[in-house]
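The values are calculated or read from the model by the stated rules, or taken from the named source; none is laboratory data. Note that this is a predicted model, so its numbers are computed, not measured. Note that we place each Cβ from the backbone using ideal geometry, even for glycine, and neighbour counts take in every protein chain shown. Quick note on the areas: whole protein, heavy atoms, side chains included, nothing else; ligands and nucleic acids left out. Shrake-Rupley method; radii C 1.70, N 1.55, O 1.52, S 1.80 Å.
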Amino acid sequence: MTHAQRLQGLAPVASPAIRVLVLGSFPGVRSLQSQQYYAHPQNHFWRIMQALWPNAPWPTDRDYAGRCACLLQCGVGLWDVYAACEREGSLDSAIRAAELNDFPALLAQCPLLSGIAHNGGESFRHAQALDKALALAGLQGRVQLHRLPSTSPANASWTFEHKLSAWQAVMQEHGLLA
């Protein structure tokens, strides 16, 4: 029997100006290798963000730092529910011995935060832990939690257009879209 490797997640992409924090579960293999959120070319995340803010100064796909800076300018941050876990492959169902990220510390640095957008069901499973973190950060009752369809290519039951529509509704609700 082989043991899954202990993996470390990525640092948050956040600033005090974000209004919505997108939370995934844990980066896939390609994202960990690249040290970039949503690095798999079939993941719809970056394509959805560019469709939501078509007039934003999006750089080329190769400019990850520029894409993150543009996302922050749009009022959106990125992180994952898990700081570390054991997993073989990229599927959420393979995650074992997961350790949650330090949400109170990050949330205390985001005073304008009004929404947390869970990118898929595995992330949303930890909504109760986030409620506790929001209380510790003094943000309880001010931050709404949303379960959104995963942008992962494994979520083939949702078309790009349906995913885009769901994500658009949440961003509009938090005043990030005109």
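Return the residues of the stretch 136-167 that are among the polar types (S, T, N, Q) and in a loop (DSSP other than H, G, I, E, B); say none if nothing qualifies. Hits for the stretch 136-167 are 140, 150, 151, 152, 155, 157, 159.
If I filter the stretch 105-121 down to residues being in a strand (DSSP E or B) and small (Gly, Ala, Ser), which single residue comes out as farthest from the chain's Cα centre (by Cα)? Filtering the stretch 105-121 for residues that are in a strand (DSSP E or B) and small (Gly, Ala, Ser), the one farthest from the chain's Cα centre (by Cα) comes out as 115.
In a strand (DSSP E or B) and of a type in the set (A, V, I, L, M): which single residue out of 10, 71, 78, 32 fits that description? Break it down stepwise before answering.
Values: 10 fails: in a strand (DSSP E or B); 71 fails: in a strand (DSSP E or B); 32 fails: in a strand (DSSP E or B).
One residue alone meets the criteria, 78.
Taking the stretch 54-89 as the search range and keeping residues that are over 20 Å from residue 16 (Cα atoms) and of a type in the set (A, V, I, L, M), which one is least open to solvent (accessible area, probe 1.4 Å)? That would be 84. Of all residues in the stretch 116-137, those that are within 14 Å of residue 100 (Cβ to Cβ) have Cβ atoms under 8 Å from Cβ atoms of residues that are of a type in the set (D, E, K, R) and in a helix (DSSP H, G or I), 6 or more apart or on another chain, in 122/92.
Of everything listed in (1) closer than 19 Å to residue 10 by Cβ; (2) modelled with pLDDT under 90; (3) hydrophobic (A, V, I, L, M, F, W, C); (4) more than 17 Å from the chain's Cα centre (by Cα), the single unmet condition for residue 97 is (2).
Would you check if there is a residue in the stretch 8-23 being among the hydroxyl-bearing types (Ser, Thr, Tyr), buried (at least 18 other Cβ atoms within 10 Å of the Cβ) and under 20 Å from residue 138 (Cβ atoms)? Within the stretch 8-23, not a single residue is among the hydroxyl-bearing types (Ser, Thr, Tyr), buried (at least 18 other Cβ atoms within 10 Å of the Cβ) and under 20 Å from residue 138 (Cβ atoms). Would you check if there is a residue in the stretch 128-143 being under 22 Å from residue 43 (Cα atoms), under 14 Å from the mean Cα position of the chain (by Cα) and of a type in the set (A, V, I, L, M)? Looking for residues that are under 22 Å from residue 43 (Cα atoms), under 14 Å from the mean Cα position of the chain (by Cα) and of a type in the set (A, V, I, L, M), one finds none in the stretch 128-143, hence no. Residues in the stretch 32-53 that are under 16 Å from residue 160 (Cα atoms) and open to solvent by 90 Å² or more (accessible area, probe 1.4 Å) were compared, and the one that is modelled with the highest pLDDT is 47.
Just for the stretch 35-68: of the residues that are part of a helix (DSSP H, G or I) and without any contact (Cβ under 8 Å) to a residue 12 or more places away in the chain, which one is nearest to residue 153 (Cα to Cα)?
Here the answer is 50.
Checked across the stretch 122-135, the condition of being surrounded by 14 or more Cβ atoms within 10 Å (Cβ to Cβ) and part of a strand (DSSP E or B) holds for no residue. Within the stretch 151-175, which residues are open to solvent by 30 Å² or more (accessible area, probe 1.4 Å), among the polar types (S, T, N, Q) and within 18 Å of residue 77 (Cα to Cα)? Matches in the stretch 151-175: 152, 168, 172.
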